[in-house]
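Engineer: Submitted below is the structure of interest, expressed as structure tokens.
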Amino acid sequence: MADRSPFNPNFGKVPRLFLDRENIIDDYIDELTNSGDHIDTPYQTTMIYGVRGSGKTSMLTDIINRVKQLDDWIVVDLLNNRSIIDNLIESIQMQSKLNLSKLIQKINDIKIKNFEIKLNSQNTHQMQLLLGIFEKLSQQGKKVLITIDEVSSTPEMRDLAMMYQLLIRQNFGIAMIMTGLPENVSELKHNKVLTFLLRSSQLELSFLQGRSIEDAFRTNFEKGSRQISDSTAVKLTQMTKGYAYAFQLLGYLIWKKTNPGDSIDEKVIDQVIDDYQQKLFDNAYALIYQKLTAVDKQFLKAMAQNNTDEVKLAFIADQTGKPSNYWSTYRKRLVRSQIIKNGSYGFVSFKLPFFKEFLLEEESFEKYDF
Ligand SMILES: Nc1ncnc2c1ncn2[C@@H]1O[C@H](COP(=O)(O)OP(=O)(O)O)[C@@H](O)[C@H]1O
Ligand SMILES: [Mg+2]
């Protein structure tokens with residue numbers, strides 16, 4: 001029998017061990033499906049945000065799979081690229097089997113009401129087409145859920161947001177769910193058109209619960225005929241800090257290092273820890289770090305100099321020569337980015353596992369810029 005790992009540290013698929021998201025997804029689907037023809041719910045437009053590796057794509061994918069099974073919903077999964085509107089039109093048309101050429105013949109009769117939004121001629125054509133399509137869909141009792149993974153502020157996204165807004169104003173059955181990195185979310189906030197997308201529900205994706213991770217480690221290693229003591233299960237759980245990618249990665253590495261019949265102990269942990277850290281650094285933290293501003297980096301590097309996990313804000317002030325109130329907006333942003341968290345009063349700590357070690361390694365590389 002193949003000793004197949006239940007853990008999978010690949011990005012962008014719903015993992016076999018998918019923890020802690022059932023309630024939030026149930027709530028979302030309930031709201032969506034019980035919101036009437038005009039999708040009367042704050043979840044009509046929803047944005048899920050969280051750090052890279054927190055599980056946004058997995059959650060979105062699970063939602064897509066579930067809504068696709070509903071008879072009266074059409075799901076359109078869009079990529080944020082040049083032809084986003086054409087792809088939207090094409091996908092609805094394919095799924096609803098509407099006769100577009102008939103619609104196009106009638107298109108000039110479709111007037112766009114509420115026209116304070118400026119559309120160019122290509123957009124006007126697309127908008128008329130969409131209005132025609134949605135008219136037909138509402139006659140058929142069909143609604144559309146648009147999904148977009150990792151939105152950012154692009155001209156195409158602005159076009160889509162404008163048209164989406166117009167369709168909502170015409171009371172058509174349309175909803176949208178997006179994911180974004182925290183920095184993308186603030187980018188959207190500063191754009192006049194895109195900020196509309198944020199006036200709705202913003203859901204911060206929480207880290208996984210220690211309890212769920214511990215259970216998952218124990219049950220799955222036992223299923224794979226590996227013995228694991230309570231204290232080792234706790235140790236492994238602590239090493240993930242609830243970070244979704246870390247959970248899959250650590251489980252995967254331990255699984256590969258062991259065979260059925262083995263027991264998982266400190267020795268096994270020692271054998272994988274370097275690889276574990278290196279993969280966290282290379283596949284997640286390098287990208288997270290690259291997107292930070294120089295000032296954010298300065299704050300984090302100062303934090304990394306501290307000896308204990310909880311870092312006093314006064315220590316950072318001391319290290320950087322800048323007072324705590326100077327740091328307060330940066331600190332808030334880093335908390336929102338899920339890189340650090342607030343501790344007891346006047347303290348912060350790293351939220352991501354081994355991020356301190358990552359920063360120290362970065363720093364030692366930066367000494368030599370050749
Ligand atoms: N709820 C979850 N439980 C367990 N593992 C998860 C969960 N959500 C995501 N993962 C795993 O975490 C990693 C990152 O997930 P992904 O959805 O690609 O993150 P993001 O899109 O936020 O960068 C993947 O290996 C995925 O399998
Ligand atoms: Mg993703």
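The values are calculated or read from the model by the stated rules, or taken from the named source; none is laboratory data. Not measured: the values here are computed from a predicted model. Neighbour counts run over all protein chains shown; Cβ positions are idealised from the backbone, glycine included.
Engineer: Among the listed residues Lys301, Lys322, Lys279, which satisfies the condition of being in contact (Cβ under 8 Å) with a residue 60 or more places away in the chain and over 30 Å from Arg211 (Cβ atoms)? If you could, list the steps in order and put the result at the bottom.
Structural biologist: Numbers: Lys322 fails: in contact (Cβ under 8 Å) with a residue 60 or more places away in the chain; Lys279 fails: over 30 Å from Arg211 (Cβ atoms).
Of Lys301, Lys322, Lys279, the one residue that is in contact (Cβ under 8 Å) with a residue 60 or more places away in the chain and over 30 Å from Arg211 (Cβ atoms) is Lys301.
Table: residues versus (1) assigned by TED's automatic domain parsing to the domain that holds Asn283; (2) without any contact (Cβ under 8 Å) to a residue 12 or more places away in the chain; (3) of a type outside the set (D, E, K, R).
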| site | (1), (2), (3) |
| --- | --- |
| Phe315 | no, no, yes |
| Asp318 | no, yes, no |
| Thr329 | no, yes, yes |
| Arg333 | no, no, no |
| Gln338 | no, no, yes |
| Gly343 | no, no, yes |
| Ser349 | no, no, yes |
| Tyr368 | no, yes, yes |
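Engineer: Can you tell me which residue among Asp40, Asp27 is loosely packed, with under 15 Cβ neighbours inside 10 Å, modelled with pLDDT of 95 or more and more than 16 Å from ligand 2 (Cβ to nearest atom)?
Structural biologist: Details: Asp40 fails: modelled with pLDDT of 95 or more.
Every option except Asp27 fails the conditions.
Engineer: A follow-up question, please. Checking the conditions here, which among Leu208, Leu167, Leu194, Leu137 is in contact with a Phe, Trp or Tyr (Cβ under 7 Å, 6 or more places away or on another chain) and more than 30 Å from Gly242 (Cα to Cα)? So that I can check it myself, show each step before the final result.
Structural biologist: Working: Leu208 fails: more than 30 Å from Gly242 (Cα to Cα); Leu194 fails: in contact with a Phe, Trp or Tyr (Cβ under 7 Å, 6 or more places away or on another chain); Leu137 fails: in contact with a Phe, Trp or Tyr (Cβ under 7 Å, 6 or more places away or on another chain).
On inspection, the qualifying residue turns out to be Leu167.
For (1) over 21 Å from Leu160 (Cα atoms); (2) at pLDDT below 95; (3) outside any loop (DSSP other than H, G, I, E, B), each residue gets a yes or a no:
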residue	(1), (2), (3)
Arg66	yes, no, yes
Asp71	yes, yes, no
Val76	no, no, yes
Asn81	no, yes, no
Asp86	no, yes, yes
Gln93	no, yes, yes
Ser101	yes, yes, yes
Ile104	no, yes, yes
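Engineer: Now, a different point. Tally the residues that are within 12 Å of ligand 1 (Cβ to nearest atom) and either basic (Lys, Arg) or more than 20 Å from the chain's Cα centre (by Cα) (or both), restricting the search to the stretch 19-57. I'd like the intermediate steps shown before the answer.
Structural biologist: Within the stretch 19-57, the first condition is being within 12 Å of ligand 1 (Cβ to nearest atom), and the residues that meet it are 19-25, 48-57.
Still in the running and either basic (Lys, Arg) or more than 20 Å from the chain's Cα centre (by Cα) (or both): 21, 52, 56.
Looking only at that region, the number is 3.
Engineer: When only residues in the stretch 163-202 that are part of a strand (DSSP E or B) and away from ligand 1 (no atom under 16 Å from the Cβ) count, which is surrounded by the fewest Cβ atoms within 10 Å (Cβ to Cβ)? First the steps, then the outcome.
Structural biologist: As a first pass, look at the stretch 163-202 and keep what is part of a strand (DSSP E or B): 174-180, 201-202.
Those left that are additionally away from ligand 1 (no atom under 16 Å from the Cβ): 174-176, 201.
Values: Ile174: 24, Ala175: 23, Met176: 24, Ser201: 16.
Here the residue is Ser201.
Engineer: OK, next. Among the residues in the stretch 253-266, are any crowded, with 21+ Cβ neighbours inside 10 Å, more than 25 Å from Asp20 (Cα to Cα), of a type in the set (Ser, Thr, Tyr) and at pLDDT 95 or above?
Structural biologist: yes
Engineer: Of all the residues that make up the stretch 320-364, how many are among the small types (Gly, Ala, Ser), within 13 Å of Glu310 (Cα to Cα) and either at pLDDT below 95 or buried (at least 21 other Cβ atoms within 10 Å of the Cβ) (or both)? Before the answer, list the steps.
Structural biologist: Start the filter on the stretch 320-364 by keeping residues that are among the small types (Gly, Ala, Ser), which leaves 321, 324, 328, 337, 343-344, 346, 349, 364.
Subset that is within 13 Å of Glu310 (Cα to Cα): 343-344, 346, 349.
Still in the list and also either at pLDDT below 95 or buried (at least 21 other Cβ atoms within 10 Å of the Cβ) (or both): 343-344, 346.
Within the stretch 320-364, residues that are among the small types (Gly, Ala, Ser), within 13 Å of Glu310 (Cα to Cα) and either at pLDDT below 95 or buried (at least 21 other Cβ atoms within 10 Å of the Cβ) (or both) number 3.
Engineer: Related question: Is it true that some residue in the stretch 1-15 is in a helix (DSSP H, G or I) and either more than 16 Å from ligand 2 (Cβ to nearest atom) or modelled with pLDDT of 95 or more (or both)?
Structural biologist: Checked against the condition, which is being in a helix (DSSP H, G or I) and either more than 16 Å from ligand 2 (Cβ to nearest atom) or modelled with pLDDT of 95 or more (or both), the stretch 1-15 yields no hits at all.
Engineer: Do the conditions hold for Leu203, that is, is it touching a strand residue (DSSP E or B) at 6+ places or on another chain (Cβ under 6 Å) and either under 27 Å from Leu32 (Cα atoms) or not acidic (Asp, Glu) (or both)? I'd like the intermediate steps shown before the answer.
Structural biologist: Details: touching a strand residue (DSSP E or B) at 6+ places or on another chain (Cβ under 6 Å): yes; either under 27 Å from Leu32 (Cα atoms) or not acidic (Asp, Glu) (or both): yes.
So Leu203 passes the test.
Engineer: Look through Leu137, Leu167, Leu145 and report the one residue that is farther than 14 Å from Gln44 by Cα and of a type outside the set (Phe, Trp, Tyr). I'd like the intermediate steps shown before the answer.
Structural biologist: Working: Leu167 fails: farther than 14 Å from Gln44 by Cα; Leu145 fails: farther than 14 Å from Gln44 by Cα.
That would be Leu137, the only listed residue that is farther than 14 Å from Gln44 by Cα and of a type outside the set (Phe, Trp, Tyr).
Engineer: Could you list, in sequence order, the residues of the stretch 20-53 that are in contact (Cβ under 8 Å) with a residue 60 or more places away in the chain, part of a helix (DSSP H, G or I) and closer than 17 Å to Val144 by Cα?
Structural biologist: Once the filter is applied, which keeps residues that are in contact (Cβ under 8 Å) with a residue 60 or more places away in the chain, part of a helix (DSSP H, G or I) and closer than 17 Å to Val144 by Cα, the stretch 20-53 yields Tyr28, Leu32, Pro42, Tyr43, Gln44.
Engineer: Can you run down the residue pairs with Cβ atoms below 6 Å, 6 or more apart or on separate chains, where the first is in the stretch 1-16 and surrounded by 11 or more Cβ atoms within 10 Å (Cβ to Cβ) and the partner is among the acidic types (Asp, Glu)?
Structural biologist: The qualifying pairs are Val14/Asp62.
Engineer: Further, regarding this structure: Among Lys291, Lys223, which is the only one that is farther than 29 Å from Tyr49 by Cα and surrounded by fewer than 17 Cβ atoms within 10 Å (Cβ to Cβ)?
Structural biologist: Working: Lys291 fails: farther than 29 Å from Tyr49 by Cα.
Checking each option against the conditions leaves just Lys223.
Engineer: Could you please find all residues in the stretch 127-185 being among the β-branched types (Val, Ile, Thr) and within 16 Å of ligand 2 (Cβ to nearest atom)?
Structural biologist: Residues satisfying the conditions are Thr147, Ile148, Val151, Ile177, Thr179, Val185.
Engineer: Give the residue, chosen from Leu188, Leu160, Leu236, Leu167, that is more than 23 Å from the chain's Cα centre (by Cα) and farther than 26 Å from Phe18 by Cα. First the steps, then the outcome.
Structural biologist: On the way: Leu188 fails: more than 23 Å from the chain's Cα centre (by Cα); Leu160 fails: more than 23 Å from the chain's Cα centre (by Cα); Leu236 fails: farther than 26 Å from Phe18 by Cα.
Leu167 is the lone residue from the list that is more than 23 Å from the chain's Cα centre (by Cα) and farther than 26 Å from Phe18 by Cα.
Engineer: Evaluate the following for Thr240: is it at pLDDT below 95 and either within 17 Å of Glu357 (Cα to Cα) or surrounded by 20 or more Cβ atoms within 10 Å (Cβ to Cβ) (or both)?
Structural biologist: Details: at pLDDT below 95: no; either within 17 Å of Glu357 (Cα to Cα) or surrounded by 20 or more Cβ atoms within 10 Å (Cβ to Cβ) (or both): yes.
So Thr240 fails the test.
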